[in-house]
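Read the structure below first, then the notes.
The values are calculated or read from the model by the stated rules, or taken from the named source; none is laboratory data. In this text, all values refer to a predicted model and were calculated from it rather than measured experimentally. Cβ: placed from backbone, ideal geometry, glycine included. Neighbour counts: every protein chain shown.
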Amino acid sequence: MDHTDGPSRERLLERWLEELPVLVARLEQANLPDGFSLDYSPASSAALERALLAEPGGPDADFVRAAAAYLGEILMDACGGRWDIDAESRPDPVRAIRSFAPTRPWDSRRCPSPS
């Protein structure tokens, strides 16, 4: 692939991984009610879902992007996996993030069925 028209897949992934903690901090500070704690537990995903659905007119793109980062981290912690980028996807590589790419055998006690 010719990378002259944009950053490489590796650079896009590096940027995303650098941005993750900033997105989560911004999510907690700007988008969630006081006292909401992002503790990376699966239970916190339900509270985050309620916050997303409660946004008048729907959540903005920054809220959705930050929520996707946080939820992806929860999935990978509970079920294994890694972030990956499809560098062919433009203009927003975040749309190409594969939030779940298993790195260990499936554990149905911790993770819902992938079906």
- Query: Hey, does region 70-91 have a residue that's at positive phi, assigned to a loop (DSSP other than H, G, I, E, B), surrounded by 11 or more Cβ atoms within 10 Å (Cβ to Cβ) and modelled with pLDDT of 85 or more?
  - Reply: no
- Note on the structure: All conditions in (1) under 17 Å from residue 74 (Cβ atoms); (2) within 13 Å of the chain's Cα centre (by Cα); (3) surrounded by fewer than 15 Cβ atoms within 10 Å (Cβ to Cβ) are true of residue 16 except (3)
- Query: If residue 38 satisfies every condition in (1) under 22 Å from residue 11 (Cα atoms); (2) at pLDDT 85 or above; (3) not acidic (Asp, Glu) but one, which is the exception?
  - Reply: (1)
- Query: Looking at region 27-45, is at least one residue assigned to a helix (DSSP H, G or I), in contact with a Pro (Cβ under 9 Å, 6 or more places away or on another chain) and either touching a residue at least 24 places away in the same chain (Cβ under 8 Å) or polar (S, T, N, Q) (or both)?
  - Reply: yes
